[in-house]
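S.K.: Pasting a structure here, questions to come.
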Amino acid sequence: MENEQALLERAQRNEEAALIEIYDHFSPAIFRYAMRLLGDIYLAEECVGETFARFLQAIEKRQGPRQYLQAYLFRIAHNWITDIFRQRAPIEAELDPEIEADPESNPSEAAHKNMALEEIRSALERLTPEQRQVIVLKYLEGWENEQIAKAMDRPIGAVKALQHRALQALKKTLQDEVEPL
Amino acid sequence: MKKNPETQTDLDVIRQLEILQDQPERDPELAAQTRQKYVSAAHLLSSRAKQTQSTIGLLPALGFKWAELKSQINTAFSRKELQPVFAPIVSILIALSLIFGGATATVYAAQDSQPDELLYSVKTLTEDVRMNLTGNPEQRIDLALTYADQRVAEALLLAAENKAPSIDLANRYNNHIEVALDTLALLEAEDLAVDLVKVQIHLRDQDQLMTKQPELPDQALLQHITRHILTLQGAIEEPLQWQMRYRAGQPVATEEPLPTEEVPLEALDAEDPLPVETTEAYGPGPGEPPVGDDDPATLPGYSDDELYPAPFGYQEQQDGWFHWPWEKDASGTATPPGQKKKP
C-alpha cells in the first residue's frame, strides 16, 4: 500500500481506486478486531460493512479524517461495537450447544477452550469502552502507545493510566469468575 | 529506579488474553458481499463527484446562480439521500406497531432484503406507502430518486451473484423515474432547474454503474435508464420548454426516432391544457385572478375539495384513497389524463 497520508488525500478527492485500496488494506484488520470482541463472524462482518459505510459518508460530507486513517477506522469500529454491547444484556459465560466439535481434537479440550474464550470476552465486555479499546489495541493488535493515543484522541499518559486500570479491572473480573461468591 | 509498568499478575492476565489471538478465517462469501456493496457505494460517490464538477462548468454559461444551486443540491443530497429512509419510516413503524404489533419487526427487517428474498415485497410495500404519503414535490423527487438508486444497486447485486435479472425490479425502477419526471413537470420555474440537474445526475450515475459492471447488465433496466436520459435531453438548457413539452406528452428526445404511432402536433395542441407558443402560457401576473386554463382548479393534480385538498399532485378516487391522476399502462408508463400516450 502507498503512503497512508497520500492515500487518504486521494480518497478525499473521491478517487474510487483510493477508496477501494483503503477497504482492501484495512478491512481484514477491522474484521479481526471485531471478531475478537464479538466472537460472531456475522456481527464482525456487519461491523466491517458499517465502519466503511460511515467512512464513505464522512468523505462525501467532507468530514472525513485529515490524518491517522487507521486510527480513525478503528475508532468507528470501536464505537459500533460499544453500541452493540450497550444494546444487549451482559453475556454470562456459558457453553454454546450449537458449536460443533472439531473431530480431530479432544472434545473436552475444545469445550474448555470455548469456555475460556467466552470468559475472556465476557470480562472484556464488562470493562469501560475506553479500557476495552486500550487492552485490545495494545495486547491483541500489538499497537504502540503512541498509535493508541491517536486512535483514542487522548494523551499518551492517559492511555498508560487507562491501560493500568483496565488490567486491574480485568484481573478482578477473571478472578471473580473463577471463584464466584 | 524505573518502575516496571506490568507486574507479574498483569502478565498473567495478558497471557490469558492470548487465547483471543487465534480467530477463525473470514467467510469468503460474506466478505465478497460486503466488499461488493462498498465498491458500489464508492463508485457512486466517485462518479457523483465527477458529475457535480462537470455540471459546475456548464451552468455559469447558461446563466444559473451556481452558488445557490450547489447549496440546494448539497442540502438535498446530504439530508435526504444519505439518510434516506429512517426519520419518516420511524413514524410509519410506530403507527404500524400500534396496529399490528409484531408485524413492525418484519417491516423493519425487510428494509435490507433483496429482490429474490421473501421480505422484498414488504420492503416495496413500505416504499409505496411512504411515496403515497409524501406530498411535497421536492421530497417526492428525492424519494423517487433514492428508490431508483436502490433498484440499480439491487440489480447490480443480482448480477454480481449471477442471478437472473428481475423484470419486476426494472418496472419498479421505471415507475420511480416516471414519478420523478411527472413531479418535475408540475414544479414552479424557480425550483425546476435545480431538480432537473439532480435527476440528470442520478440518471447518469445509474447509467455508468450499469454499463461499467463486468457481468451481463439487466437489459430492461438499462433500456429504461437510456430512455429517461433521452427524455431529459436539452432540459437544462430550456427547462420551461421541456416542462411544457413533457406536460403536453410530446416527444422530448430528438436523437432517436421512437418506434410508436406518431401523434400529429395539431392534435396535441388541441388537447394541451397549456398554450405553448405565447407568453400567456406563463399565466396571469402576481395578484391577478386565474383565468381559463390557468385556474388551478382546472389543472390536473388538484382536488376540487377546498376544505380537504388532496396531497400534492393527487386526486381522491372513489375508493377513498388519493391517487396520482395520470394513467399508467401495463409497462408502468404514466400519461396525463385525456392525453395520448407518450411514445
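The values are calculated or read from the model by the stated rules, or taken from the named source; none is laboratory data. Treat the numbers as computed from the prediction; the structure is a model and nothing was measured. Ideal geometry is used to build each Cβ from the backbone, glycine not excepted, and the neighbour counts take in all protein chains shown.
S.K.: Just checking, how many residues over segment B:128-154 are surrounded by 21 or more Cβ atoms within 10 Å (Cβ to Cβ), more than 19 Å from B:Gln33 (Cα to Cα) and in contact with a Phe, Trp or Tyr (Cβ under 6 Å, 6 or more places away or on another chain)?
M.R.: The number of residues fulfilling the criteria is 1.
S.K.: Considering segment A:13-24 alone, what residues qualify as being crowded, with 16+ Cβ neighbours inside 10 Å and assigned to a helix (DSSP H, G or I)?
M.R.: A:Glu16, A:Ala18, A:Leu19, A:Ile20, A:Glu21, A:Ile22, A:Tyr23
S.K.: In segment A:110-124, how many are at pLDDT below 80 and either surrounded by 17 or more Cβ atoms within 10 Å (Cβ to Cβ) or more than 9 Å from every other protein chain (Cβ to nearest Cβ) (or both)?
M.R.: Total meeting the criteria: 4.
S.K.: Return the residues of segment A:41-93 that are of a type in the set (Ser, Thr, Tyr) and within 14 Å of chain B (Cβ to nearest Cβ); say none if nothing qualifies.
M.R.: Hits for segment A:41-93 are A:Tyr42, A:Thr51.
S.K.: Determine, yes or no, whether B:Lys123 is surrounded by fewer than 19 Cβ atoms within 10 Å (Cβ to Cβ) and over 30 Å from B:Leu240 (Cβ atoms).
M.R.: Considered against the rule, which asks whether it is surrounded by fewer than 19 Cβ atoms within 10 Å (Cβ to Cβ) and over 30 Å from B:Leu240 (Cβ atoms), B:Lys123 comes out as no.
S.K.: I would also like to ask the following. Based on this model, can you work out whether B:Asn136 counts as out of contact with any helix residue (DSSP H, G or I) (no Cβ under 7 Å at 6 or more places or on another chain) and on the phi > 0 side of the Ramachandran plot?
M.R.: no
S.K.: Moving on to the next point. Filter segment B:155-169 for residues that are surrounded by 18 or more Cβ atoms within 10 Å (Cβ to Cβ) and at pLDDT 85 or above and give the result.
M.R.: B:Ala155, B:Leu169
S.K.: Can you tell which of B:Thr183, B:Thr211 is outside any loop (DSSP other than H, G, I, E, B) and surrounded by fewer than 23 Cβ atoms within 10 Å (Cβ to Cβ)?
M.R.: Sole residue among the options that is outside any loop (DSSP other than H, G, I, E, B) and surrounded by fewer than 23 Cβ atoms within 10 Å (Cβ to Cβ): B:Thr211.
S.K.: Out of B:Glu237, B:Glu190, I need the residue that is of a type outside the set (Phe, Trp, Tyr), part of a helix (DSSP H, G or I) and farther than 20 Å from B:Leu158 by Cα. Which one?
M.R.: From the options B:Glu237, B:Glu190, the qualifying one is B:Glu190.
S.K.: What are the pairs, 6+ residues apart or on separate chains, where a residue within segment A:152-163 that is more than 12 Å from chain B (Cβ to nearest Cβ) has its Cβ under 8 Å from a residue that is surrounded by fewer than 19 Cβ atoms within 10 Å (Cβ to Cβ) and assigned to a loop (DSSP other than H, G, I, E, B)?
M.R.: That search, which allows pairs on different chains as well, returns A:Leu162/A:Arg154.
S.K.: OK, next. Among the candidates B:Asn174, B:Asn162, which residue alone is touching a residue at least 60 places away in the same chain (Cβ under 8 Å) and of a type in the set (S, T, N, Q)?
M.R.: Of B:Asn174, B:Asn162, the one residue that is touching a residue at least 60 places away in the same chain (Cβ under 8 Å) and of a type in the set (S, T, N, Q) is B:Asn174.
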